[in-house]
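Everything below concerns the one structure shown next.
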Amino acid sequence: MSMEDYDFLFKIVLIGNAGVGKTCLVRRFTQGLFPPGQGATIGVDFMIKTVEINGEKVKIDHFGFDENHTFQQRYLIADQYWKKGNGPILFYTGNEGDIEWFCNNTGFMWDVAEELNAMLVFAEHRYYGESLPFGNESFSDSKHLNYLTSEQALADFAVLVEYLKATIAGAQRSPVIAIGGSYGGMLAAWFRMKYPHVVVGALAASAPIWQFGDLVPCGTFFSIVTNDFKKSGVGCSESIRNSWNAIYRLSSTDAGLQWLSSTFHLCSPLKTLQDAAVLKNWLSETWVNLAMVNYPYKADFLQPLPAWPIQEVCKFLKDPSLSDKLLLQNVFQAVNLYYNYTGEASCLDVSQTATKSLGEIGWFYQACTEMVMPLCTDGVHDMFEPQKWDFDAFSEECYRMWGVRPRLSWILSMYGGKNISSHSNIIFSNGDLDPWSAGGVTQNITNSLVAVVIPDGAHHLDLRSRNPLDPKSVQQARAMEISLMKEWIKKARHSH
């Protein structure tokens with residue numbers, strides 16, 4: 001076997017004491033086997049697990065008849081646990097990034113595949129990863145970006161499901177459940193709403209489907225972020241609140257800008273007040289990201305981080321009464337933990353706040369068209385500088401960037417806002433630590449539109465792999481989710 005036989009070849013080393021079950025674990029993962037006893041080895045086993053990476057040509061425009069071109073949509077399949085004939089398909093509705101990254105960060109699906117005898121499919125969202133409708137020209141202008149919408153993406157998913165059922169022997173009667181997190185969770189819910197004949201149910205994790213229009217207050221999001229920091233250390237949120245004026249005062253002079261650049265180890269030095277504003281926005285996004293990934297164990301979803309990272313960050317932010325320079329030196333220590341936990345970064349880049357696997361350009365375009373989610377701060381109920389939601393200013397920025405105007409209420413018209421009680425078989429899971437829960441469904445709407453709340457959960461913690469450090473609340477959430485999915489699968493089989 002040569003490396004050329006595969007698109008990608010990953011080598012994983014499993015280390016442990018003798019007789020603890022390393023070989024059993026590897027065989028279960030790669031071959032789906034449960035060895036009856038321990039197998040004595042020389043300490044080295046070579047085994048292979050294959051994940052198929054495929055592509056299907058789909059129409060660039062599903063809703064018009066003038067544009068007939070197609071593009072290659074990437075999807076991943078794992079079927080080692082699938083029961084041919086009636087085993088379900090768990091279909092991940094890809095969101096704003098590379099599908100392999102989401103596949104590797106959605107361990108829940110891998111964990112339950114064997115229990116449900118399920119095939120796993122991870123579908124990449126158009127304009128992200130390698131699924132580019134116009135290749136290198138996809139982001140060149142608004143004409144090429146015109147087909148980057150949630151509606152087109154959902155149609156891609158529906159066509160892909162029909163294609164898989166038609167081409168995979170034994171899949172024709174397989175019930176399909178949509179699963180997604182964050183924007184992908186919104187798509188999973190909307191997929192069930194718009195294509196109930198294609199998917200029998202949906203698990204929408206951390207899906208802020210109500211963060212639109214005036215359905216929820218625009219400030220709740222940042223209040224949750226603030227509360228996460230307030231609960232994680234005395235003086236922590238107050239130190240962050242006081243840091244904004246400290247930056248403002250220091251950035252008023254060239255010497256102050258130079259000091260800030262040096263203290264924060266910035267890759268590009270600050271030269272103007274506008275640069276200082278960029279620094280503030282970068283810090284704000286960092287605090288938000290920390291709230292999203294405040295997991296109970298080490299993880300590297302957006303960045304490599306320790307367990308309960310906000311608690312670790314708050315160890316540097318205990319005294320909000322310090323002088324400007326001492327306070328900001330502590331703020332640097334805090335953000336350095338987020339960006340440089342591994343110690344490998346030589347400088348900090350204020351243009352980057354998360355993994356490059358996310359498609360920031362595409363998402364900014366979507367936010368400038370239909371994904372318009374109002375957010376605001378007041379500096380009183382949150383630890384951020386006051387900033388009102390200004391739709392007109394946002395619209396002008398979008399027009400300057402892309403030559404398009406956002407449609408403030410289109411998502412409400414398209415997907416129903418809070419008027420969704422006629423739909424069925426959707427689980428909305430949210431963690432109380434996750435700021436996006438502000439726009440999520442946190443109470444049952446009907447018996448089959450179910451809310452699962454995870455008090456100790458950050459951003460779609462329930463979709464991550466099982467972990468010995470998981471709080472009981474997420475264990476219970478997953479148990480409920482699996483139970484409901486089994487009900488949907490059973491009902492779908494009986495309907496055939």
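Can you tell me which residue in the range 245-287 is nearest to the chain's Cα centre (by Cα), limited to those that are of a type outside the set (A, V, I, L, M), surrounded by 14 or more Cβ atoms within 10 Å (Cβ to Cβ) and farther than 18 Å from Ala334 by Cα?
Asp275
Has the range 334-356 got at least one residue that is modelled with pLDDT of 95 or more and among the basic types (Lys, Arg)?
Taking every residue of the range 334-356 in turn, none turns out to be modelled with pLDDT of 95 or more and among the basic types (Lys, Arg).
Can you tell me which of Leu348, Leu337, Leu322, Leu326 is open to solvent by 80 Å² or more (accessible area, probe 1.4 Å) and farther than 25 Å from Gln211 by Cβ? Explain how you work it out, then say what you get.
On the way: Leu348 fails: open to solvent by 80 Å² or more (accessible area, probe 1.4 Å); Leu337 fails: open to solvent by 80 Å² or more (accessible area, probe 1.4 Å); Leu322 fails: open to solvent by 80 Å² or more (accessible area, probe 1.4 Å).
Checking each option against the conditions leaves just Leu326.
Sort out which residues of the range 444-462 are out of contact with any Ser or Thr (no Cβ under 6 Å at 6 or more places or on another chain) and either within 19 Å of Ser483 (Cβ to Cβ) or modelled with pLDDT under 95 (or both), and write them in order of number. If you could, list the steps in order and put the result at the bottom.
To start, the set of residues in the range 444-462 that are out of contact with any Ser or Thr (no Cβ under 6 Å at 6 or more places or on another chain) comprises 444, 447, 449-450, 457-458, 461.
Selection gives Asn444, Asn447, Leu449, Val450, Gly457, Leu461.
Considering only the range 231-246, I want to know if a residue exists there that is without any contact (Cβ under 8 Å) to a residue 12 or more places away in the chain and of a type in the set (Lys, Arg).
Yes - at least one qualifying residue is present in the range 231-246.
Of all residues in the range 192-222, how many are open to solvent by 40 Å² or more (accessible area, probe 1.4 Å) and in contact with an Asp or Glu (Cβ under 9 Å, 6 or more places away or on another chain)?
1
Give all pairs with beta carbons closer than 9 Å in which a residue from the range 465-477 that is of a type in the set (Asp, Glu) meets a residue that is outside any helix (DSSP H, G or I); count only pairs at least 6 apart in sequence or on separate chains.
Asp470/Pro296; Asp470/Tyr297; Asp470/Asp456; Asp470/Arg464
Looking at Leu328, Leu305, can you tell me which residue is under 31 Å from the mean Cα position of the chain (by Cα) and closer than 24 Å to Asn467 by Cβ? Lay out the reasoning, then the answer.
Working: Leu328 fails: closer than 24 Å to Asn467 by Cβ.
So the residue among Leu328, Leu305 that is under 31 Å from the mean Cα position of the chain (by Cα) and closer than 24 Å to Asn467 by Cβ is Leu305.
With respect to the numbered conditions (1) farther than 20 Å from Asn281 by Cβ; (2) in a loop (DSSP other than H, G, I, E, B); (3) touching a residue at least 12 places away in the same chain (Cβ under 8 Å), which one is the sole condition not fulfilled by Asn419?
Failing condition for Asn419: (3).
Please verify whether the range 353-368 includes one or more residues that are out of contact with any Pro (no Cβ under 6 Å at 6 or more places or on another chain), more than 24 Å from Ser150 (Cα to Cα) and either open to solvent by less than 50 Å² (accessible area, probe 1.4 Å) or not in a loop (DSSP other than H, G, I, E, B) (or both). Break it down into steps so the answer makes sense when it comes.
Kept after step one, since they are out of contact with any Pro (no Cβ under 6 Å at 6 or more places or on another chain), are these residues of the range 353-368: 353-367.
This time we only want the ones that are more than 24 Å from Ser150 (Cα to Cα), so: 353.
Still in the running and either open to solvent by less than 50 Å² (accessible area, probe 1.4 Å) or not in a loop (DSSP other than H, G, I, E, B) (or both): 353.
Within the range 353-368, one or more residues are out of contact with any Pro (no Cβ under 6 Å at 6 or more places or on another chain), more than 24 Å from Ser150 (Cα to Cα) and either open to solvent by less than 50 Å² (accessible area, probe 1.4 Å) or not in a loop (DSSP other than H, G, I, E, B) (or both).
Which of the numbered conditions does His69 fail, given that it passes all the others? Conditions: (1) open to solvent by 60 Å² or more (accessible area, probe 1.4 Å); (2) at pLDDT below 85.
His69 satisfies every listed condition except (2).
Working only within the range 379-404, note down all residues that are touching a residue at least 24 places away in the same chain (Cβ under 8 Å), in contact with a Ser or Thr (Cβ under 9 Å, 6 or more places away or on another chain) and assigned to a loop (DSSP other than H, G, I, E, B).
Residues satisfying the conditions are His381, Asp382, Met383, Phe384, Glu385, Gly403, Val404.
Can you pull out the residues in the range 426-463 that are part of a helix (DSSP H, G or I), out of contact with any strand residue (DSSP E or B) (no Cβ under 6 Å at 6 or more places or on another chain) and among the hydrophobic types (A, V, I, L, M, F, W, C)?
Taking the range 426-463 first, the residues part of a helix (DSSP H, G or I) are 435-439, 461-463.
When the remaining residues are screened for being out of contact with any strand residue (DSSP E or B) (no Cβ under 6 Å at 6 or more places or on another chain), the result is 435-436, 438-439.
Of everything in the range 426-463, those that are part of a helix (DSSP H, G or I), out of contact with any strand residue (DSSP E or B) (no Cβ under 6 Å at 6 or more places or on another chain) and among the hydrophobic types (A, V, I, L, M, F, W, C) turn out to be Trp436, Ala438.
Rundown of residues vs (1) of a type in the set (D, E, K, R); (2) under 21 Å from Ile489 (Cα atoms); (3) surrounded by fewer than 20 Cβ atoms within 10 Å (Cβ to Cβ); (4) modelled with pLDDT under 95, yes/no style:
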| site | (1), (2), (3), (4) |
| --- | --- |
| Gly85 | no, yes, yes, yes |
| Ile89 | no, yes, no, no |
| Cys103 | no, no, no, yes |
| Asn117 | no, yes, yes, no |
| Val121 | no, yes, no, no |
| Leu145 | no, no, no, no |
| Ser150 | no, no, no, no |
| Ala158 | no, yes, yes, no |
| Val161 | no, yes, no, no |
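Out of everything in the range 223-237 that is of a type outside the set (Val, Ile, Thr) and out of contact with any helix residue (DSSP H, G or I) (no Cβ under 7 Å at 6 or more places or on another chain), what residue ends up being least open to solvent (accessible area, probe 1.4 Å)? Write out each step before concluding.
Narrowing the range 223-237 to residues of a type outside the set (Val, Ile, Thr): 223, 227-233, 235-237.
This time we only want the ones that are out of contact with any helix residue (DSSP H, G or I) (no Cβ under 7 Å at 6 or more places or on another chain), so: 223, 227, 231, 235.
Working: Ser223: 38, Asn227: 72, Lys231: 132, Gly235: 10 Å².
The qualifying residue least open to solvent (accessible area, probe 1.4 Å) is Gly235.
Looking only at helices (runs of 4 or more DSSP H) that lie completely in the range 76-174, which have at least 3 residues being basic (Lys, Arg) and within 19 Å of Ile60 (Cα to Cα)?
Values: elements: 99-104, 107-116, 142-145, 150-167.
Filter on the range 76-174 gives an empty set.
With respect to Glu397, determine if the residue is more than 29 Å from Leu305 (Cα to Cα) and open to solvent by 50 Å² or more (accessible area, probe 1.4 Å).
Working: more than 29 Å from Leu305 (Cα to Cα): yes; open to solvent by 50 Å² or more (accessible area, probe 1.4 Å): yes.
Criteria met by Glu397.
The values are calculated or read from the model by the stated rules, or taken from the named source; none is laboratory data. Owing to the predicted nature of the structure, the values given are computational and were not obtained by experimental measurement. All Cβ positions, glycine included, derive from the backbone under ideal geometry; neighbour counts span all protein chains shown. Side chains included, ligands, DNA and RNA excluded: accessible areas come from the protein's heavy atoms. Shrake-Rupley method; radii C 1.70, N 1.55, O 1.52, S 1.80 Å.
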